[in-house]
Amino acid sequence: MNGNSQEPRRIHLTGQPVAVMREKVPMDSLPGFFDRAFGAVMAALQTQGAGPSGPPFALYRGMPTDTVDVEAGFPVAGNFTGTGDVVAAALPETDAFEATHTGPYDTLTATYDAIRQRMEADGAVPADVMWEYYLSDPREQPDPATWQTRVVWPVQA
């Protein structure tokens, strides 16, 4: 395990309303999708007088291959109903494992591997959905070595 990630820990999450855009995206097109999705979601929230209640996140359905089924957006504070490409959704109430990754996004697999190993050690089965909160804004923190990503990987009930 690299020294940049905190030890994975088991947590219980309550449900969280979110506003997202969902698409199937080629892996190499994710940064462009995130830019579009975060911008569109923020604009839709502001139009309805709602706002983000936390950092931007992306939820992945299934293990990524060349393409990934991804939702990107923000947790929501206030009332929000879907509009256009932006839909109201929710992160589920669930037991999960989490760890905070420090470093560039292309090294996130090390953190996922650490979480999977911890799950196996605890006898938990990983769900086929996971999400990441992007705690750093690359535009404000240009050095990828400083970026922090909170990885949340639910377990099957």
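The values are calculated or read from the model by the stated rules, or taken from the named source; none is laboratory data. Please read these numbers as outputs of a predicted model, since none were measured by experiment. Because the Cβ atoms are built from the backbone with ideal geometry, glycine has one as well, and the counts that use them run over all protein chains shown. These accessible areas exclude ligands, DNA and RNA; they are computed on the full protein's heavy atoms, side chains included. Shrake-Rupley method; radii C 1.70, N 1.55, O 1.52, S 1.80 Å.
Structural remarks
- Residues of the range 1-31 that are closer than 17 Å to SER136 by Cα and either touching a Phe, Trp or Tyr at 6+ places or on another chain (Cβ under 6 Å) or open to solvent by less than 40 Å² (accessible area, probe 1.4 Å) (or both): SER5, LEU30.
- Just one of the listed residues (GLY62, GLY78) is without any contact (Cβ under 8 Å) to a residue 60 or more places away in the chain, farther than 29 Å from THR146 by Cβ and small (Gly, Ala, Ser), namely GLY78.
- Some residue of the range 55-74 being of a type outside the set (Val, Ile, Thr) and either more than 28 Å from PRO126 (Cβ to Cβ) or touching a Cys at 6+ places or on another chain (Cβ under 7 Å) (or both): no
- Restricting attention to the range 102-142, the residues that are of a type outside the set (Lys, Arg), free of Cβ contacts under 8 Å to residues at least 40 places away in the same chain, open to solvent by 80 Å² or more (accessible area, probe 1.4 Å) and in a loop (DSSP other than H, G, I, E, B) add up to 2.
One line per residue, one yes/no per condition, for (1) over 19 Å from GLU23 (Cα atoms); (2) at pLDDT below 95; (3) of a type outside the set (Lys, Arg):
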| position | (1), (2), (3) |
| --- | --- |
| GLY54 | yes, no, yes |
| PHE57 | no, no, yes |
| VAL76 | yes, no, yes |
| ASN79 | yes, yes, yes |
| VAL86 | no, no, yes |
| PRO104 | yes, yes, yes |
| PRO138 | yes, yes, yes |
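- Residue in the range 33-52 that is crowded, with 16+ Cβ neighbours inside 10 Å, in a strand (DSSP E or B) and either β-branched (Val, Ile, Thr) or within 17 Å of the chain's Cα centre (by Cα) (or both) present: yes
- Residue that is most open to solvent (accessible area, probe 1.4 Å), among those in the range 143-157 that are among the aliphatic types (A, V, I, L, M) and more than 14 Å from the chain's Cα centre (by Cα): ALA157
- Selection count, the range 13-32, where residues are part of a helix (DSSP H, G or I), closer than 26 Å to GLY51 by Cα and small (Gly, Ala, Ser): 1
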